[in-house]
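Heads up: the structure comes next, in structure tokens.
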Amino acid sequence: MHDTVIKGGTIVDGSGKPSFTGDIAIDGDTITQVGGKAGPAKREIKADGLTITPGWVDVHTHYDGQATWDPELAPSSWHGVTTILFGNCGVGFAPVRGKDHSALIGMMESIEEIPGIVLADGLKWNWETFPDYLDALEGMPRSIDVAAQIPHHPLRVYVMGDRAINREAATADDIAAMRDHVRAGLKAGAFGFTTSRTNSHKTPDGSMVPGRYSEVDELLGIGSAFKGLSHGAFGMNSDFDDEEEELAWMTKFGQDTGRPIWFLLTDRPTDITRWKRLIGGVHKARAAGAKVTAQVPGRPVGVLLGIDTALNPFSIRPSYQALLKLPVAERMQRLQDPAFRQTVLNEAPSPALLNRLSQFRQHITTRWHRMFPMENPPNYEPEDKDSIAAIAKREGRTPDEVAYDYLAASADRFLFFPVTGYNEDNLDVAYTMLTDEGTLLGLSDGGAHCSSIIDASMPSWMLMHWGRDRTRGPRIPVETLVKRQTSETADFFGFHDRGRLEAGKKADINVIDYQNLHLHIPEVRYDLPMNGRRLLQRVDGYRHTLVSGVPTFEDGVYTGATPGKLVRAAA
């Protein structure tokens with residue numbers, strides 16, 4: 001008798017092959033049968049009319065802190081994600097010396113917008129080295145599995161101290177020490193190393209992060225830690241200041257180590273052909289024998305602008321700044337005062353406040369044609385005619401007035417502001433990137449940008465929009481969409497025991513009411529430690545989620561089960 005049998009569902013097994021109907025049997029934490037008719041079971045899940053997939057393997061999250069205190073790991077766990085990988089973008093909390101705790105909290109707050117008071121209260125700091133951090137993660141049960149990468153910025157500070165914060169060049173001894181720490185982390189089970197070379201990432205005082213201008217010798221020197229290992233990937237968020245040089249050293253890394261190297265790629269408003277050049281660079285590097293990959297999002301990177309979010313078009317104007325100290329209800333009262341409204345509308349944005357924003361958020365003063373009232377259900381492929389600029393033109397008002405009046409009507413209203421990935425009034429560029437063999441799906445940023453972005457719902461939206469609902473361009477087969485966020489992400493990083501529904505694989509499974517899969521409009525909640533604020537987005541349609549064969553969510557409700565563990569990469 002099996003422990004569990006899921007009976008009669010449409011099986012999309014993660015391989016990309018056509019779906020089929022049948023049963024899935026589970027014994028312990030392992031899938032023991034896929035397809036056909038399974039025998040009796042202690043528990044039977046009826047899946048007639050439902051879709052069965054592997055659990056999503058989300059490889060670009062920032063739960064580095066939250067994973068040390070929160071067993072549920074929402075919102076990603078709400079959306080069928082059963083494995084998360086963090087330590088992305090070069091930020092994290094290990095290795096670290098006691099004197100640098102505050103600096104790492106400040107960096108994470110500034111770059112990934114996780115409130116500092118939340119991190120200060122939640123982090124226990126019962127580690128110093130990266131292997132220590134993995135041991136600390138291993139000691140806590142959770143709803144889903146977690147895995148980690150070694151982040152460059154904390155490592156640089158750990159080895160170089162203030163010289164790293166001042167962005168001084170690393171010496172040969174510094175590079176050797178960082179290489180050795182990365183090697184130790186990889187051997188302890190890290191899935192890779194990440195860095196950041198972008199002006200989008202700044203410290204709390206507006207300075208660039210410690211690794212922003214690291215020399216190629218430093219990156220290749222650290223990368224030599226991968227030589228001789230059969231696991232681990234090198235990841236990077238880069239502005240590609242010199243595209244030829246950046247692609248050249250990435251290619252060399254891949255050739256020298258045989259390990260994968262990936263970088264984040266979006267369609268930027270400042271250079272609308274950049275993505276084509278860089279994908280061309282990926283294929284050139286692959287032809288030269290290097291495993292170079294572009295990690296791409298499935299939808300625009302969209303900042304939500306609201307009265308109770310981190311940013312809106314008026315929060316960088318002097319008079320508005322005083323409102324930030326008020327409770328939301330009082331803030332709304334002031335916003336609805338006609339005299340205050342006129343004062344704000346007459347003001348120009350503060351250059352100092354504007355300069356503290358990341359490079360693409362600074363477009364908040366001009367890109368009214370890329371701000372859209374968020375509908376219910378949310379529309380992440382809106383049309384130009386629905387933009388603030390278009391509404392203003394139709395109504396004979398200024399964009400400032402339209403945006404102000406829309407937001408001032410309710411604290412539950414948001415403007416969707418796609419800062420990258422939306423230059424052509426549609427997602428055709430995203431479609432091209434998603435269907436290119438040189439790309440990997442990522443960038444959900446689960447756990448990060450708590451008050452401005454909620455893309456942790458991306459796995460659900462991928463199925464809904466690209467597989468079912470899109471009307472403004474081609475769709476993507478469901479089998480491909482499932483493969484992109486299960487076996488492809490798992491295989492790339494070396495999660496070899498999951499990502500497919502096949503006998504012998506780990507029983508991480510979603511049972512989905514695909515036709516009724518539905519995203520709710522985002523909402524603001526103060527439910528982090530110290531009543532910290534975050535954006536959340538609910539979903540309907542996940543009938544069952546199982547991790548290691550254990551039901552963790554039933555009809556969207558957390559069961560309280562904690563089968564999730566730390567996953568260590570194979571040495």
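The values are calculated or read from the model by the stated rules, or taken from the named source; none is laboratory data. The structure presented is a predicted model; accordingly, all values stated were derived computationally and were not measured. Don't worry about glycine lacking a Cβ; one is built from the backbone with ideal geometry, like all the others, and counts go over all protein chains shown. SASA here: full protein model, heavy atoms, side chains in, ligands and nucleic acids out. Shrake-Rupley method; radii C 1.70, N 1.55, O 1.52, S 1.80 Å.
Taking the condition of a type in the set (Lys, Arg), open to solvent by 20 Å² or more (accessible area, probe 1.4 Å), modelled with pLDDT under 95 and part of a loop (DSSP other than H, G, I, E, B), does Arg268 pass?
Judged against the criteria, Arg268 is a match.
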Residue among Gly221, Gly189, Gly232 that alone is small (Gly, Ala, Ser), at pLDDT 85 or above and over 23 Å from the mean Cα position of the chain (by Cα):
Gly221
Considering only residues of the stretch 115-145 that are part of a loop (DSSP other than H, G, I, E, B) and in contact with a strand residue (DSSP E or B) (Cβ under 8 Å, 6 or more places away or on another chain), which is surrounded by the fewest Cβ atoms within 10 Å (Cβ to Cβ)?
Pro141
I need a count of the residues in the stretch 341-368 that are over 27 Å from Ser238 (Cα atoms) and touching a residue at least 60 places away in the same chain (Cβ under 8 Å).
2
Counting only residues that are touching a Gly at 6+ places or on another chain (Cβ under 7 Å) and either assigned to a helix (DSSP H, G or I) or under 18 Å from Lys7 (Cα atoms) (or both), how many does the stretch 495-505 have?
2
Give the stretch 373-385 a look and list any residue that's more than 22 Å from the chain's Cα centre (by Cα) and surrounded by 15 or more Cβ atoms within 10 Å (Cβ to Cβ), or say none.
Pro373
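If I filter the stretch 249-264 for residues that are at positive phi and either in contact with a Lys or Arg (Cβ under 8 Å, 6 or more places away or on another chain) or open to solvent by less than 20 Å² (accessible area, probe 1.4 Å) (or both), do I get at least one hit?
Yes: the stretch 249-264 contains one or more residues that are at positive phi and either in contact with a Lys or Arg (Cβ under 8 Å, 6 or more places away or on another chain) or open to solvent by less than 20 Å² (accessible area, probe 1.4 Å) (or both).
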Can you tell me which residue in the stretch 2-29 is nearest to Leu517 (Cα to Cα), limited to those that are β-branched (Val, Ile, Thr) and open to solvent by 40 Å² or more (accessible area, probe 1.4 Å)?
Thr10
Just the residues that are surrounded by fewer than 16 Cβ atoms within 10 Å (Cβ to Cβ) and of a type outside the set (Gly, Ala, Ser), please, taken from the stretch 168-189.
Glu168, Thr171, Asp173, Asp180
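Tell me yes or no: at least one residue of the stretch 41-63 is touching a residue at least 12 places away in the same chain (Cβ under 8 Å) and in a helix (DSSP H, G or I).
No; the residues of the stretch 41-63 include none that is touching a residue at least 12 places away in the same chain (Cβ under 8 Å) and in a helix (DSSP H, G or I).
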Residue match in the stretch 78-98 (condition: assigned to a loop (DSSP other than H, G, I, E, B), in contact with a Lys or Arg (Cβ under 7 Å, 6 or more places away or on another chain), buried (at least 21 other Cβ atoms within 10 Å of the Cβ) and modelled with pLDDT of 95 or more):
no
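Going through the stretch 358-372 one residue at a time, which ones are at pLDDT below 80 and buried (at least 20 other Cβ atoms within 10 Å of the Cβ)? Walk me through it before giving the result.
As a first pass, look at the stretch 358-372 and keep what is at pLDDT below 80: 358-360.
The one that is at pLDDT below 80 and buried (at least 20 other Cβ atoms within 10 Å of the Cβ): Phe360.
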